[in-house]
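Quick note: the coordinates plus some simple rules give every number you see, no bench work behind them. None of these values were measured; they are calculated from a predicted model. Methodologically, a virtual Cβ is constructed for each residue, glycine included, from the backbone with ideal geometry; neighbour enumeration extends over all protein chains shown.
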Protein chains: 2
Amino acid sequence: MTSTTNQSLIFGSDYREVAVGDIVLLAGQEKLKLDSGAEIGPFPMAFRTYGTLNTAKDNVILVCHGLTGDQYMLEEHPVTDKPGWWELMAGPGKPLDTEKYFLICPNVLGGCMGSFGPKTPDAATGKPLGLAFPVLTIHDMVRAQRLLVRHLGIEKLFSVIGGSMGGMQVLSWAVQFPEDFRSAVCLAAAARHSAQNIAFHEIGRQAIMADPDWCEGRYFDEQRYPAKGLAVARMTAHVTYLSEAGLHRKFGRNLQDREQVSYGFDADFQIESYLRYQGKAFVERFDPNSYLYITRAMDYFDLEAEHGGNLSKAFGRVTSPFCVVSFSSDWLFPTEESRRIVHALNGAGAPVSFVEIPTDKGHDAFLLEEPALFDTVRGFLKGVEGV
Amino acid sequence: MTSTTNQSLIFGSDYREVAVGDIVLLAGQEKLKLDSGAEIGPFPMAFRTYGTLNTAKDNVILVCHGLTGDQYMLEEHPVTDKPGWWELMAGPGKPLDTEKYFLICPNVLGGCMGSFGPKTPDAATGKPLGLAFPVLTIHDMVRAQRLLVRHLGIEKLFSVIGGSMGGMQVLSWAVQFPEDFRSAVCLAAAARHSAQNIAFHEIGRQAIMADPDWCEGRYFDEQRYPAKGLAVARMTAHVTYLSEAGLHRKFGRNLQDREQVSYGFDADFQIESYLRYQGKAFVERFDPNSYLYITRAMDYFDLEAEHGGNLSKAFGRVTSPFCVVSFSSDWLFPTEESRRIVHALNGAGAPVSFVEIPTDKGHDAFLLEEPALFDTVRGFLKGVEGV
């Protein structure tokens, strides 16, 4: 289909080398200009594809992952050996049906699974870029995705879909490249990051940067690793992904492997043990500097402010049908934020369907078993096919 | 009034010595048995009083402070030089009227402003106890308060009042010593700490314990101080004290001292700058180990479980009138939790009035300018006087 290279990369706290899938070099001819003014290129972009591209090249769905996701959406993760993060949504016969559609899932710019990011070695020194990597925006991530899509010879996407930060990318596609897709699905997202969202991200960043093993971002050079800071950042974020009701249902005040509290600082409660596990598991697979850069990109996202305070203006060129989904117990990206997107799309005259799905699974619901979500996405895409 | 000693104590990251007010030694004759089984005594208890004790000794209000509060509720704080934390609620002519009532505000057991806590020197070594200090419960704190009240020669409190963890202490008074008060006011509290509450506390503890300067709790011995970990813990907690709407009103996405984002990791947004300030200011005045112990005591609080799953049983001996207040935007101790307390008090046949105050100030509302709160407390206490 296209020339791809295979590249191995340093990874995680154990410095193990892991081979990741398809990697292409983009912006080799003309550099990509970022919102900050920095110019990058040629730069590597890692991605995975699932399904078969048809001859008309009109069956392509671009899948945009969330903050801590990556390109391994439908296969075992090379670092964690866990199943893909969206096996419930995609695959043969699933809403994102790989017997019908050709899915492209790129690792975002700034990520740590092969795409250009702070872990990419500096050409001059061979050492990871660290904080020499430029600060990014969601729009920059999407510009890089479009270079990839064009590089793969695709002119128009059948759909672009994503949840959370992936949903922000979907909105950025709508703002920047509205002619390049036939439909769009935006799950559990917002057109701007709220003060509370920024606050929680800032806590995560401070936790990482407070860890002396962070070494101002040069931990790889120093043979150290801010595992504890990154774990605290992950624990904080993880609590925001769940609802109070969901936590209560799943854990309540149940004790972990004991009948009585220990009167100590061990993990007495299941929720503590669960959070500690989440923190540790994350450290294995994610790069601390990538966490800083990607959370920062989300914080900067504010389509309304970019368009003179009028969100409808952001979507002025959108004519393709949009599907917007929120989850009732998502307090990180609450339904109200999805409604603002819907109103703005309506105001811009774009066709949009909106569903709020009742669930106690919180923000994470877009990744979980939610039959109403699957029905919504399946039905929406079927409608687009019929147009 | 009673024999008190003055004692100075090491304090905070700068090791400055600060003299704190009245300190008494309690449990000198008979040791106090804690829920963990440990026995303590004689132990120091620091407190401040405001107003004048009448001859009948029946005008006493015990004020229970929250997680990070202390006895300096109505005067300049000796460490921070800031005004008392409840000057809006108490003072001449205020709802807790010092022209009428005699207020006693003790520093909780486990605290760091003079009461027996992990910063108290070990009698044998002269070094702070650190993790040799026993793990506490809210009930233990209240038992110590009762020793203080009796030590001061008071048989029956006119009222016991507190918000957040202070409200938990009020509930513990109701369970343990229902005959010892004529009325009780429980603000923004809960009869149990939820899974989400525990999760946020666990993040704070992990942030402190992840800081290498924590030294397994022996930072004073090692001449170090886990300032960064404690700051992250405080930042996390602080976000939970505010509502999303309040944050939006106060900060929104406003930038801090700049026209444009910096494309860097400085505090671009006001909310970031505010949180960093909150973290730093807290480190000055609070002891990291105290933070571990006090959050743990809150996590262990569950009156329902202690009474065979029946919260009404917990309040079986309560006959004094109760005032329960919640705040509409408090998501840490939501109205639902206050309602459970009210239902249980009703079930126990105790007289209870309940108010949910509409506000966007979140959990912190009990410390802030909330006229409806002041009217409620004033009216309730007036009613009790009239009985």
Practice prompt. Sort shortest first the distances from A:Gly264 to its counterpart in every other copy, using label points 7 Å along the Cα-to-beta-carbon line, and give them in nm.
Written response: 4.6
Practice prompt. One decimal, nm, shortest first: give the distances between the label point of A:His248 and those of the same position in the other copies, each label point 7 Å from Cα along Cα→Cβ.
Written response: 2.3
Worksheet item: If you put +1 on each Lys and Arg Cβ and -1 on each Asp and Glu Cβ, how big is the dipole of region B:197-296 around its Cα centre, in Debye rounded to 20?
Response: 300 debye
Worksheet entry | Residue order, fewest to most surrounding Cβ atoms within 10 angstrom, among A:Ser353, A:Ser183, B:Ser164 | A:Ser353, A:Ser183, B:Ser164
Worksheet item: Near the amide H of A:Val185, under 5 Å away, which other amide H atoms are found, from residues 5 or more places off or on another chain, if H is placed in the peptide plane?
Response: A:Val160, A:Ile161, A:Gly162, A:Cys323
Worksheet item: Can you give the FRET efficiency for A:Lys280 and A:Glu76, using 1/(1 + (r/R0)^6), R0 = 22 Å, r = Cβ-Cβ distance, to the nearest 0.05?
Response: 0.65
Discussion item. Taking 8 Å as the Cα distance limit and 6 or more residues as the minimum spacing, I'd like the relative contact order of chain B as a percentage.
Written reply: 17 percent
Worksheet, complete the sentence: Cross-link reach from B:Lys94 to lysines, straight Cα distance under 28 Å and at least 8 residues apart if same chain, gives B:Lys57, B:Lys82, B:Lys156, B:Lys250, B:Lys361, B:Lys382
Discussion item. Label position 7 Å from Cα toward Cβ: report the copy-to-copy distances for A:Gly347 in nm, one decimal, ordered from shortest.
Written reply: 4.9
Item to complete: For chain B, return all DSSP H helices satisfying: extent of Cα atoms along own axis at least 15 Å; mean Kyte-Doolittle hydropathy at least 0.5.
Response: B:165-176
Practice prompt. Take every Cα-Cα pair in the protein assembly as shown and report what % of them are more than 45 Å apart.
Written response: 29 percent
Item to complete: Any chance you could check the Cα centroid distance between region B:114-145 and region B:52-97 for me, in angstrom?
Response: 23 Å
Worksheet item: Once both labels are modelled 7 Å past Cα along the beta-carbon direction, what's the B:Asp58-B:Ser262 spacing in nm?
Response: 6.2 nm
Worksheet entry | Between region B:256-313 and region A:155-196, the Cα center-to-center distance that results, in Å | 34 Å
Worksheet entry | Interchain or long-range residues, amide H under 5 Å from B:Leu157's placed H | B:Phe181, B:Arg182
Worksheet, complete the sentence: Measuring from its Cα centre, chain B shows a charge dipole (+1 at each Lys and Arg Cβ, -1 at each Asp and Glu Cβ) which, in debye to the nearest 20, is 580 debye
Fill in: Positive-end residue, region A:197-296 charge dipole about Cα centroid, Cβ charges, pick of A:Ser262, A:Val232, A:Leu247
A:Leu247
Worksheet item: If chain A were replaced by its equivalent ellipsoid, with semi-axes equal to the square roots of 5 times the Cα gyration tensor eigenvalues, what would those be, largest first, whole Å?
Response: 31, 27, 20
Worksheet, complete the sentence: Any residue on another chain or 5+ positions along whose placed amide H is under 5 Å from the amide H of B:Phe269 is listed here as B:Gln256
Response to the item:
Rg/Rh of region B:197-296 (Cα atoms, Kirkwood Rh), to two decimals, equals 1.04
Worksheet item: What do you get when you divide the Cα radius of gyration of region A:72-181 by 2.2 N^0.38 Å, with N the number of residues?
Response: 1.18
